[in-house]
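None of the figures in this text is laboratory data; all of them are computed from the coordinates on show. Just so it is clear, the model here is predicted, and its values are computed rather than measured. Positions of Cβ are backbone-derived with ideal geometry, glycine not excepted, and every protein chain shown enters the neighbour counts.
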C-alpha cells in the first residue's frame, strides 16, 4: 500500500522542465545475487535535469540500482528506460551515461587531458573540437592548466574534478555519482558539494547521486529515494522526507529522532491525536491506520521540536538532564524520561542558554512542539 | 635513554643472528666468487695465487658460447610463448566462470608439484614415441610447460590488483570491450606482464634438470654445458662463469627494478 502511494507520488511530482518524458525510468526492476534480492521491484521516475539521490545504509541496494542504470549489471526483472528508450539490455558503452566513482577511477597511465578526452575519442570527435571541449570541461571544473598532469600528481579534490569533467564532457544523458565525496576530507567535501550542485544546475544534467550520508542527501537533492534492504521506502523532496517520513525506517535514518511511547486517542479524517503521558499531539492518521483507538504507538519527534519548560508545567513530560553536549550553535541535552521513552531523549536547544539553565541532574519539563510529529505502529527495529 | 642489560643483550643477539643468516645465505656465492680468481687449475679455497684467465676460458670455450646462445633462444621463445598462453589463461580464469575452471587452474599450477625431471622424462618419452626430433623446439616446449604457471600467476595477480572500475568508467565513456582491452586493461597490465616474462626468463635460463633430459649436444643450454664441463675438468672456469652470471643477472634485475619495481616480481602474493 505504502509502496503504491510512493510510486504514484513519484509519477506525478516530477521536478524539472521536460515533464512529458522522464529522463530515467525504472519499471519494477529486480536484481538478485544468488539467493539474496539486492533490489526488489524498484519503480522510479527521474525528471529531466532533476537531481535524484538514492539514500540508504550500505547493502540497501542503492549502488545496485546505480549499476543497473549504468548497465554494469543486468536486471533479473523489470525494464529500464533512458530518455524514453528501452535500455534494459543495452551494454554500458551504448547508454551515454557519465559516472563518477568514489575512488574517481581515473586512468593512471593517461594525463588529465587524455582522461577527459577518452569519451570523445571513442565517439570519433575530430581533434580540433576535442581540444576545445576538453578545455571547456577543464575550465568548468576550474582545472585549466592541469592538462598535462598525471592523476597521481593531483590532490583528491582535483582528481574528483577531473573525474567530473571526464563524465560531463560527453554530454551524458544521465550523470551517475557513486558516493563521490566520501573519500574527501570534511572541509573539502562541503565546498565540492556546493560546486557540484552549481555545475549540475548550470548544465541541467539529470543526476543520480548515491550516498549513505543523509546530510549530503538533504542539502543537494531535488528529490530523495530512501532505500533499505533492497526496497525504495519513500521518494519525496528533502523537506518532505524529513518532516513527513513514510515509515519508521525513514524517520530514524534521516535526521535524529526520539521515539516516545504513545497511545492513540482519537482519529478524525487525515489527522489523529496521540497521547504521551499527559501530553497530547496531533499526527497524520495514515501511518497508524491499523492501530485501534487506545492502542500503543511509537511517536517520532525531532530533537529540535522539543523544548525545556519548568517541571510540572501543563502539557509537559517530566525528565532529568543526564548529559550536556555543547555544539557551538546549539546545545544537545540528553534527558532521562522513564515511562515516556525507552531510550534517552535528545533535545536540541538553540543558543547557549541551556548550558547554564539545564545543568546535569536538573529536573525539567519537556514540551513537544506541534509541528512534524509522526507516529507508527510500535516495533523494535526501525 | 638507558637500556637494561637484558634489552641490550637482546638487541645485540638479534643483530648477530641477522648477520649469521646473511652470511649463511651468501656464503656459497662468496666462496665461488673468490675461487674464480684462483690461478691454479683446481678448485681450492682459499686460492694461493690469483689470475683472471678462467674468465677468458669461460668466454672462449666453444660449448659455453653455443650453450649460451641455445639457452638464450630457448629462454626468449619459452618465456614469450608462456606469456601469451599464460596471460590468456589467467584472464579467462580471472574474468569468467566456466565448467572446467578449477580443473584448468589445477593443471596449470601442477608443474609446481611435478618435479622437473618428471617433465623432462615425460617430454623425452613423448618425443621418441612421436618421432619428434630432439631439436630446440622440444627444449622450448619443455620450458614452456615449466614456466607457464609462474607467468600465469604473475598476470593473475596483476588482474587482481587492477581496479575493475577503470574498465567500467571506460565502458561508460563509450568504449567497446575490445577498445577497453587495448587502451586500459593491457597498458595497465604491462608492468605485471613484463615482470612475469622476466621471472620466467630467469627460471628458464637457469633450468637444468629437465633440459638435461630433452637436449642433445647440439641443443644443450648453458647449465647443461656447464654440467658436462665439470665432468671433464675441475678448474675454476665454472666459478668464473658464476661470477659473470651473477653480475649480469643483478644488473638486469636492477634495471628491471627501476622500471617495474622488484616487489611486483618477487612479492607475488602481495595485494
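Details
- Gyration tensor (alpha-carbon) shape descriptor, region B:1-91, a/c threshold 1.5: oblate
- The mean sequence distance of close C-alpha pairs (under 8 Å, at least 6 residues apart), as a share of the length of chain A, puts its relative contact order at 15 percent.
- Between 0 and 90°, nearest 10: helix A:186-203 axis offset from chain A longest Cα axis: 60
- The alpha-carbon atoms of region A:229-379, seen along their principal axes, cover 43, 33, 23 angstrom, with the largest extent given first.
- Cα long-axis angle, helix A:127-140 against chain A (0 to 90 degrees, to the nearest 10): 20
- Chain B shape via C-alpha gyration tensor axes, a/c threshold 1.5: oblate
- Kirkwood Rh (inverse of mean 1/r, distinct Cα pairs), region A:203-268, angstrom: 13.4
- Hydrodynamic radius (Kirkwood) for region A:147-304, which is based on Cα pairs only, to one decimal in Å: 18.5
- Region A:119-163: radius of gyration and largest Cα-Cα distance (Dmax), Å: 11.2, 31
- Taken over chain A, the ratio of Cα radius of gyration to 2.2 N^0.38 Å equals 1.15.
- FRET efficiency estimate (nearest 0.05) - Cβ-Cβ, residue B:11 to residue B:248, R0 35 angstrom: 0.35
- Between the helical axis of A:2-12 and the longest alpha-carbon principal axis of chain A there is an angle of about 50 degrees.
- Across all directions, the average flat footprint of the convex hull enclosing the Cα atoms of region A:121-206 is 6.0 nm².
- Here A:96, A:266, A:41 are placed in order of increasing Cβ neighbour count within 10 Å, fewest first, which gives A:266, A:41, A:96.
- Distance from region B:165-196 to region A:26-102 (C-alpha centre basis), Å: 24
- Mean residue ellipticity at 222 nm, helices only, chain A: -7500 deg cm²/dmol; runs of at least 4 DSSP H residues each add -39,500 (n - 2.57), and the sum is divided by the number of residues.
- Tail weight of P(r) past 13 Å, computed on alpha-carbon pairs of region A:94-150, percent: 64
- Its residue count N sets the reference 2.2 N^0.38 Å, and the alpha-carbon radius of gyration of region A:275-355 equals 1.22 times that reference.
- Shielding by other protein chains, A:160-173, mean Cβ within 10 Å: 1
- Percentage relative contact order, region B:135-266, counting C-alpha pairs under 8 Å, at least six apart: 33
- Estimated FRET transfer efficiency (residue B:40, residue B:162; beta-carbon r; R0 56 Å; 0.05): 0.50
- When each of A:43, B:54 is scored by the number of other beta-carbon atoms lying within 10 Å, the sequence from fewest to most is A:43, B:54.
- Where Rh is the Kirkwood radius over Cα pairs, Rg/Rh for the protein assembly as shown: 1.15
- Prolate/oblate/rounded label for region A:240-316 (Cα gyration tensor, a/c 1.5): oblate
- Helix content alone sets the calculated 222 nm mean residue ellipticity of chain B: runs of n ≥ 4 DSSP H residues at -39500 (n - 2.57) each, divided across all residues, give -24500 deg cm²/dmol.
- Rg and Dmax over the alpha-carbon atoms of region B:138-271 stand at 19.6, 67 Å.
- On the beta carbon distance between residue B:88 and residue B:259, with R0 = 22 Å, the FRET formula returns roughly 0.35.
- Of B:29, B:133, B:122, the one that fluctuates the most in a GNM where chain B has Cα springs shorter than 10 Å: B:133
- For region A:74-125, a Kirkwood radius taken over Cα pairs fed into Stokes-Einstein (10 °C, viscosity 1.306 mPa s) yields D = 119 µm²/s.
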